[in-house]
1. Among the residues of the stretch 102-110, are any in contact with a His (Cβ under 7 Å, 6 or more places away or on another chain) and in contact (Cβ under 8 Å) with a residue 40 or more places away in the chain?
2. Limited to the stretch 28-39, what total is found for residues that are surrounded by fewer than 23 Cβ atoms within 10 Å (Cβ to Cβ) and either at positive phi or modelled with pLDDT of 95 or more (or both)?
3. Does any residue of the stretch 63-72 turn out to be of a type in the set (Val, Ile, Thr) and within 30 Å of Asn190 (Cβ to Cβ)?
4. Does the stretch 157-164 include one or more residues that are within 21 Å of His74 (Cα to Cα), assigned to a helix (DSSP H, G or I) and either within 16 Å of the chain's Cα centre (by Cα) or not β-branched (Val, Ile, Thr) (or both)?
5. Six or more apart or on different chains, Cβ atoms under 8 Å: show the pairs whose first residue is in the stretch 129-158 and without any contact (Cβ under 8 Å) to a residue 40 or more places away in the chain and whose second is open to solvent by less than 60 Å² (accessible area, probe 1.4 Å) and acidic (Asp, Glu).
6. Step by step: first the residues of the stretch 77-122, then only those that are β-branched (Val, Ile, Thr) and within 21 Å of Val141 (Cα to Cα), then the one that is least open to solvent (accessible area, probe 1.4 Å). Which residue is that?
7. Out of the stretch 134-148, which residues are under 20 Å from Glu173 (Cα atoms) and exposed (fewer than 13 other Cβ atoms within 10 Å of the Cβ)?
8. Here is a list of conditions, (1) closer than 18 Å to Met176 by Cβ; (2) out of contact with any helix residue (DSSP H, G or I) (no Cβ under 6 Å at 6 or more places or on another chain), and Ala77 meets all of them except one; can you say which number that is?
Amino acid sequence: MSALLPAIVPAACRATAAVIFLHGLGDTGHGWAEAMAGIRTPYIKYICPHAPVMPVTLNMNMAMPSWFDIVSLHPHAEEDETGIKRAAESIKALIDQEVKNGIPSHRIVLGGFSQSMISRNKDISVLQCHGEADPLVPFIVGCLTVEKLKVMLNPSNITFKTYSKMPHSACLEEMMDIKQFIEKQLPKINKSII
């Protein structure tokens, strides 16, 4: 991850949970911090890190913020395993820092847009959202991804939400679904419990 400090939306009161939300290719954490502020839950801290700037094969090796290199959008394209591992280590460091700050690891949710990664924990709950009018990541890729997730993880823990007319972006309905998902995973608790 880059040396830039993450964009943070602090909890409105004492934080008892955290959300780490990764932006997509070419973006930064700032826009997603603003989006998270719009669905903020008072006891949750939102952390939106910035990916390092690197050449991206898919975009003619143009340098841009990216968690890892993308060679192709084809479902069977080779993956940048080294870059993915490096990004995962950076995310683990963010999780470890929040644990040091007093947030138990089971009270941390990972999320992201477009280029994000998933845990190998088979029992995690996953909300995958996709716009049916997405010209960059075709809807069929979202469908293939959710089917792959159902093989890798517990299928009953996977929720796939689609939004007609939504392009490669977010919409209010999706953000409300994300808020509901986060609050279900991270319910308000008594301070004495953690």
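The values are calculated or read from the model by the stated rules, or taken from the named source; none is laboratory data. Computed from a predicted structure; not experimentally measured. Quick reminder, even Gly has a Cβ in these numbers, built from the backbone with ideal geometry, and neighbours come from all protein chains shown. Heads up: the accessible areas ignore ligands, DNA and RNA and are worked out on the full protein's heavy atoms, side chains in. Shrake-Rupley method; radii C 1.70, N 1.55, O 1.52, S 1.80 Å.
1. To start, the set of residues in the stretch 102-110 that are in contact with a His (Cβ under 7 Å, 6 or more places away or on another chain) comprises none.
For the stretch 102-110, residues in contact with a His (Cβ under 7 Å, 6 or more places away or on another chain) and in contact (Cβ under 8 Å) with a residue 40 or more places away in the chain: absent.
2. If we filter the stretch 28-39 for residues that are surrounded by fewer than 23 Cβ atoms within 10 Å (Cβ to Cβ), which is where we start, we get 28, 30-31, 33-35, 37-39.
Narrowing the set further to residues that are either at positive phi or modelled with pLDDT of 95 or more (or both) leaves 28, 30, 33-35, 37-39.
Final tally of qualifying residues: 8.
3. Going residue by residue through the stretch 63-72, those that are of a type in the set (Val, Ile, Thr) are 70-71.
Now drop any that are not within 30 Å of Asn190 (Cβ to Cβ), which leaves none.
There is no residue in the stretch 63-72 that is of a type in the set (Val, Ile, Thr) and within 30 Å of Asn190 (Cβ to Cβ).
4. First pass over the stretch 157-164, keeping only residues within 21 Å of His74 (Cα to Cα): 160, 162.
Narrowing the set further to residues that are assigned to a helix (DSSP H, G or I) leaves none.
The answer is no, given that none of the residues of the stretch 157-164 is within 21 Å of His74 (Cα to Cα), assigned to a helix (DSSP H, G or I) and either within 16 Å of the chain's Cα centre (by Cα) or not β-branched (Val, Ile, Thr) (or both).
5. From residues that are without any contact (Cβ under 8 Å) to a residue 40 or more places away in the chain, the pairs are Gly142/Asp134.
6. Our first condition is that a residue be β-branched (Val, Ile, Thr); within the stretch 77-122, this holds for 82, 84, 91, 95, 99, 103, 108-109, 118.
When the remaining residues are screened for being within 21 Å of Val141 (Cα to Cα), the result is 84, 118.
Values: Ile84: 45, Ile118: 69 Å².
Among those residues, the one meeting the criterion is Ile84.
7. Pro135
8. (1)
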